[in-house]
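The values are calculated or read from the model by the stated rules, or taken from the named source; none is laboratory data. All values derive from a computational prediction rather than experimental measurement. Glycine also receives a Cβ, built like all others from the backbone with ideal geometry; neighbour counts cover every protein chain displayed. Side chains included, ligands, DNA and RNA excluded: accessible areas come from the protein's heavy atoms. Shrake-Rupley method; radii C 1.70, N 1.55, O 1.52, S 1.80 Å.
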Amino acid sequence: MARKSKNRKRWDSVTTVAYPLLFAVLLIAAWQTKLLHRLLHVDTFILPIPTRILTIIREN
């Protein structure tokens, strides 16, 4: 019984980090591929893609 509880706690610790991380990766991928722009009906001028933002930061 104690082993299952320990494994459960470990799994909960992993998923506490993994799920938000997976969500962030999917969100950035949707943003980079402009899927987010189509869903929100916005132009890249209003919501620039991440690589463009990083390019602008790097140039300054």
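For this structure, a couple of remarks:
- Unmet criterion (only one of (1) in contact with a Phe, Trp or Tyr (Cβ under 9 Å, 6 or more places away or on another chain); (2) modelled with pLDDT under 95) for I49: (2)
- One residue from L26, L54, L36, L21 being open to solvent by less than 70 Å² (accessible area, probe 1.4 Å) and of a type in the set (A, V, I, L, M): L36
- Within region 1-18, being among the small types (G, A, S) and either in a loop (DSSP other than H, G, I, E, B) or loosely packed, with under 11 Cβ neighbours inside 10 Å (or both) holds for A2, S5, S13.
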